[in-house]
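Colleague: Got a structure for you, written out below as structure tokens; questions coming shortly.
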Amino acid sequence: MDWTQAPRVLLVWPDRGRLLSNRLDLVMLERYCSAHGSQLALMTKNPEIQFHAEQAGIPVFHSRKSAQLQPWRKSFREFRRRDLEEQAAEPREVDLFTRGGSSQRKEIPLWGRITFFTLGVLGVLSIAGMLLPSAEVSIQDQEIWRELVIPVQVDPDLEEIIFSGILPAREAIVLLEEQASRSATGQISIPDMYSQGEVIFSNLAENPIQIPKDTILSTAAENPILFITLSPGETPAGQGEEIAIRIQALEPGSSGNVDSNSITRINHEFGADLVVYNPEPTSGGSDLLIPSPSQEDRELLSLSLQEDLDILALEKTLQQLSDGDILLSPVPYLIETEEETYIPEEGSSGDTLKLTRRVRFGILFVSGEDLRTLAINTVNAQYRGSELEAIQNSISVSPQYIPGNSSDPTLELDLEIKWIEKRIFDKTEIIQLVLGKIPTEAEDLIKEFLNLSDPPVINLKPQWWFRLPALPFRININLVGSEA
């Protein structure tokens, strides 16, 4: 301040500055600057310093640009303070503290009363002129579409988003239980009639041997066929004596028809004293053919039910997904078959084969919310420290490639991101710039200050008013976007 010859001095106040932090210091600083023929102003955002500066009559600006464009008004407090100082310096003709004597009250002349009345009316009109007018400033802000394509990896083993471009693959699981049926095309035979025949018992002892009814006989094969005697008998005394007795197979069916001399075993305690054989084949045993599901019926029914389950699993899975989710495979995969029941069981008879199956399906997908989170983080990272910003609700994502089934646990896709970009405006600075200006001047100042291609549109209320309001809260800034 000692050596400068500029008529104005702008003091840049640091955000964390603690020097000259009270009103008295600012008053002394302003007086020192005035003594050197310069006007002092401050550039600060500190609310405490702004308050003290306003009380001391020092102009305050938020930026260098606003300090260059706006007038450096002196506050009413400063003029009032200087008037009081000048009045205090003038000699007084009357001592206000003198008690003696009485003075007559002077009557104010007519011209004085008219003057005071006129000033009062003008004061009221001035206050009305400050409070009543309002203005709306519409600024045409150019909005530009931006787009970006980034590679994204999808890892099924990942649980959280890695913002470098790796997303987890989510899994949707559905549990289904369905039943299907088809007519049986096969047949099975079931035992129908019992086989019968005759056996010869030969005595190996000297004494006669009683043979009771229902004595069990069998063949000598690995899987013997059992027979029973239909009547009791007794062999004559003496070795080699014989007796013939009718027999019947223990179980019905054609399996009881055996060849001659096949029945040779006696399943009784007296079997050691006898020899048995059948001189003729047994006959009369028969089977009955009835419907029964074949193995082919089971396989075809299983394939048909699995196709139905695959279609239903895809429908149920899609119902679980949200808008924006991306399937990583065209069809769900089978996780587990919890239950599978055929009726009738294998080898049993039945006209119809029924299959009930309860299975668990799963399908991998990329969450649309994960894609949007990655896109928002990617877009916002480009505007850190910039005078531009992205409109958040304009950000949209779309995959350019959706992989199908793959044995590779890590899948890849390209993600296209689109959004609208716009500039950031400080409405407070714009309002301070145009306070009390005429509309044409205000339009030029805003256009130059914001570097706009088109001037703003200013609407005054009432329309016949010739200046923008002098009060900041009577001015409304409206940003009108236009897509480029």
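Colleague: Scan segment 191-218 for residues that are polar (S, T, N, Q) and more than 20 Å from E269 (Cβ to Cβ) and report the count.
Modeller: 2
Colleague: Which residue is farthest from the chain's Cα centre (by Cα), if the candidates are limited to segment 287-297 and must be part of a strand (DSSP E or B) and of a type outside the set (D, E, K, R)? Break it down into steps so the answer makes sense when it comes.
Modeller: Going residue by residue through segment 287-297, those that are part of a strand (DSSP E or B) are 287-292.
Cutting the leftovers down to of a type outside the set (D, E, K, R) gives us 288-292.
Details: L288: 65, L289: 62, I290: 59, P291: 55, S292: 53 Å.
Only one residue tops the list, namely L288.
Colleague: If we scan segment 335-344, do we find a residue that is in contact (Cβ under 8 Å) with a residue 24 or more places away in the chain, in contact with a Gly (Cβ under 9 Å, 6 or more places away or on another chain) and β-branched (V, I, T)?
Modeller: The answer is yes; a qualifying residue exists.
Colleague: Every residue in segment 338-394 that is surrounded by 15 or more Cβ atoms within 10 Å (Cβ to Cβ), over 38 Å from the mean Cα position of the chain (by Cα) and hydrophobic (A, V, I, L, M, F, W, C), please.
Modeller: L353, L355
Colleague: Hey, among E177, E198, E171, which residue is over 30 Å from P332 (Cβ atoms) and among the acidic types (D, E)?
Modeller: Numbers: E177 fails: over 30 Å from P332 (Cβ atoms); E171 fails: over 30 Å from P332 (Cβ atoms).
Checking each option against the conditions leaves just E198.
Colleague: With respect to I311, determine if the residue is surrounded by 14 or more Cβ atoms within 10 Å (Cβ to Cβ) and either in contact with a helix residue (DSSP H, G or I) (Cβ under 6 Å, 6 or more places away or on another chain) or not aromatic (F, W, Y) (or both).
Modeller: Numbers: surrounded by 14 or more Cβ atoms within 10 Å (Cβ to Cβ): no; either in contact with a helix residue (DSSP H, G or I) (Cβ under 6 Å, 6 or more places away or on another chain) or not aromatic (F, W, Y) (or both): yes.
So I311 fails the test.
Colleague: Anything in segment 30-57 that is part of a helix (DSSP H, G or I) and either modelled with pLDDT under 70 or within 59 Å of the chain's Cα centre (by Cα) (or both)? List them, or say none.
Modeller: Selection gives P47, E48, I49, Q50, F51, H52, A53, E54, Q55, A56.
Colleague: For segment 426-443, enumerate the residues that are out of contact with any helix residue (DSSP H, G or I) (no Cβ under 7 Å at 6 or more places or on another chain), over 18 Å from M43 (Cα atoms) and in a helix (DSSP H, G or I).
Modeller: Across segment 426-443, the qualifying residues are P439, T440, E441, E443.
Colleague: Condition first: crowded, with 19+ Cβ neighbours inside 10 Å and in contact with a Leu (Cβ under 8 Å, 6 or more places away or on another chain). Now tell me which residues in segment 42-59 satisfy that.
Modeller: Taking segment 42-59 and keeping what is crowded, with 19+ Cβ neighbours inside 10 Å, we get 42, 49, 52-53, 56-59.
Hits for segment 42-59 are L42, I49, H52, A53, A56, I58, P59.
Colleague: Go through segment 131-181 and give me each residue that's of a type in the set (V, I, T), part of a strand (DSSP E or B) and in contact (Cβ under 8 Å) with a residue 40 or more places away in the chain. Break it down into steps so the answer makes sense when it comes.
Modeller: The first filter runs over segment 131-181 and keeps only residues of a type in the set (V, I, T), leaving 137, 139, 144, 149-150, 152, 154, 161-162, 166, 173-174.
Still in the running and part of a strand (DSSP E or B): 137, 139, 144, 149-150, 152, 154, 162, 166, 173-174.
Correct list: V137, I139, I144, V149, I150, V152, V154, I173, V174.
Colleague: Just give me the residues in segment 155-192 being closer than 23 Å to T282 by Cβ and surrounded by fewer than 16 Cβ atoms within 10 Å (Cβ to Cβ), in sequence order.
Modeller: Of all residues in segment 155-192, those closer than 23 Å to T282 by Cβ come to 189-192.
Once the filter is applied, which keeps residues that are closer than 23 Å to T282 by Cβ and surrounded by fewer than 16 Cβ atoms within 10 Å (Cβ to Cβ), segment 155-192 yields S189, I190, D192.
Colleague: Right, next: Check K437, K418 and return the single one that is within 16 Å of N459 (Cα to Cα) and of a type in the set (K, R).
Modeller: Working: K418 fails: within 16 Å of N459 (Cα to Cα).
The match here is K437.
Colleague: Say whether the condition of being out of contact with any Cys (no Cβ under 7 Å at 6 or more places or on another chain) and under 30 Å from I188 (Cα atoms) is met by at least one residue in segment 311-334. Write out each step before concluding.
Modeller: Initially, segment 311-334 is screened for residues out of contact with any Cys (no Cβ under 7 Å at 6 or more places or on another chain), giving 311-334.
Now drop any that are not under 30 Å from I188 (Cα atoms), which leaves none.
So far as segment 311-334 goes, no, none of its residues is out of contact with any Cys (no Cβ under 7 Å at 6 or more places or on another chain) and under 30 Å from I188 (Cα atoms).
The values are calculated or read from the model by the stated rules, or taken from the named source; none is laboratory data. Here the structure is a predicted model, which means the values were calculated and not measured. Note that we place each Cβ from the backbone using ideal geometry, even for glycine, and neighbour counts take in every protein chain shown.
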